[in-house]
Amino acid sequence: MADTQLGLEENLKKFFGFGQFRGLQKKVITSLLNKEDCFVIMPTGGGKSLCYQLPALMQEGTAIVVSPLIALMKNQVDAIRGISDHDGVAHVLNSSLSKGDIQQVKDDISSGMTKLLYVAPESLTKEEYVDFLKGQKISFLAVDEAHCISEWGHDFRPEYRNLRRIIDRIGAAIPIIGLTATATPKVQEDILKNLQITDATTFQASFNRPNLYYEVRPKTETVDADITRFIKQNDGKSGIVYCLSRKRVEALAQVLQVNGIKAVPYHAGLDAKTRVLHQDMFLMEDT
């Protein structure tokens with residue numbers, strides 16, 4: 001694990017291979033290491049996850065990361081395991097695990113091996129897990145996609161409203177970091193109030209993204225051909241096409257495949273095995 005004698009930059013280089021921090025990352029991490037509550041508003045792609053991953057790797061105990069997105073949790077766990085000598089350094093705890101898998105997760109946490117435990121809010125409400133975590137050393141709790149807490153937000157998840165009560169049961173002295181890429185002032189206030197961290201230091205990054213280019217085009221009657229042509233004009237690059245329904249996802253994937261494009265569908269209606277396979281294919285740039 002981390003050498004506590006090393007500075008932040010040295011640990012950043014050791015674990016992630018980066019030579020320097022981006023934007024507000026260093027200030028956020030320093031605040032969290034000082035056991036202070038934090039609230040981070042940072043655009044997608046701005047490096048939010050490193051704000052809790054690095055301090056988790058640098059401290060004793062396990063950091064609990066609450067996330068609503070199973071695909072994102074798996075992606076992050078795989079990435080952390082890729083920079084460690086032990087798979088037990090990061091785990092997901094959810095309903096898809098067998099009893100043997102759950103016991104392995106518990107053993108790795110109890111031994112001090114697990115630095116990051118990713119859980120969906122629904123899983124964290126289970127008495128079995130809360131009772132187990134009460135007896136463990138928890139370094140801090142990270143609430144990713146924190147806008148899901150707010151009833152004023154566009155992605156409200158009722159289970160997120162119970163997090164403060166669960167945190168109190170696990171250990172009231174646990175520092176909390178909330179992170180989101182999108183939050184109006186009203187949503188921000190609701191998040192801080194619900195998590196009872198109104199004194200938290202707020203870090204808000206600029207949303208100016210000079211590396212991004214936006215273009216809006218009118219939708220034509222030959223939209224499938226337009227999409228196919230656009231993809232072929234960007235040969236060698238990866239991309240995601242969003243559709244409004246599962247049926248449309250399947251149909252467009254078939255159109256692209258017929259036109260010689262390595263495309264696969266991805267939506268909640270796929271069985272878990274296929275969904276994981278397609279996600280891994282995309283992450284490995286095989287599709």
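The values are calculated or read from the model by the stated rules, or taken from the named source; none is laboratory data. Owing to the predicted nature of the structure, the values given are computational and were not obtained by experimental measurement. All Cβ positions, even for glycine, are placed from backbone atoms using ideal geometry, and neighbour counts span all protein chains on display.
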Report the residue count in region 202-226 for those that are over 29 Å from the mean Cα position of the chain (by Cα) and surrounded by 10 or more Cβ atoms within 10 Å (Cβ to Cβ). 5
Out of Ile197, Ile231, I need the residue that is surrounded by 10 or more Cβ atoms within 10 Å (Cβ to Cβ) and within 30 Å of Ala173 (Cβ to Cβ). Which one? Ile197
Hey, among the residues in region 78-103 that are within 21 Å of Ile166 (Cβ to Cβ) and of a type in the set (A, V, I, L, M, F, W, C), which one's surrounded by the most Cβ atoms within 10 Å (Cβ to Cβ)? Ala90
Among Arg169, Arg81, which is the only one that is touching a residue at least 24 places away in the same chain (Cβ under 8 Å), assigned by TED's automatic domain parsing to the domain that holds Val40, out of contact with any Cys (no Cβ under 8 Å at 6 or more places or on another chain) and outside any loop (DSSP other than H, G, I, E, B)? Arg169
Subset of region 251-287 (residues that are more than 22 Å from the chain's Cα centre (by Cα), surrounded by 15 or more Cβ atoms within 10 Å (Cβ to Cβ) and free of Cβ contacts under 8 Å to residues at least 24 places away in the same chain): Ala253, Val264
Answer from Thr274, Thr202 - the residue that is among the polar types (S, T, N, Q), closer than 17 Å to Ala71 by Cβ and outside any loop (DSSP other than H, G, I, E, B): Thr274
Please verify whether region 104-118 includes one or more residues that are of a type in the set (Ser, Thr, Tyr), surrounded by 16 or more Cβ atoms within 10 Å (Cβ to Cβ), assigned by TED's automatic domain parsing to the domain that holds Ile170 and not in a helix (DSSP H, G or I). yes
Could you look through region 119-141, keep only residues that are at pLDDT 90 or above and basic (Lys, Arg), and pick out the one that is surrounded by the fewest Cβ atoms within 10 Å (Cβ to Cβ)? Lys134
Give me the pairs, please: first residue somewhere in region 109-126 and under 21 Å from Leu72 (Cβ atoms), second residue anywhere and in a helix (DSSP H, G or I) and of a type in the set (Asp, Glu), beta-carbon distance under 7 Å, and either six or more positions apart or on two chains. Thr114/Asp108; Pro121/Glu159; Glu122/Glu159; Thr125/Glu159
Going by the conditions given, is Lys48 in contact (Cβ under 8 Å) with a residue 60 or more places away in the chain, among the charged types (D, E, K, R), within 26 Å of Leu212 (Cα to Cα) and not in a helix (DSSP H, G or I)? yes
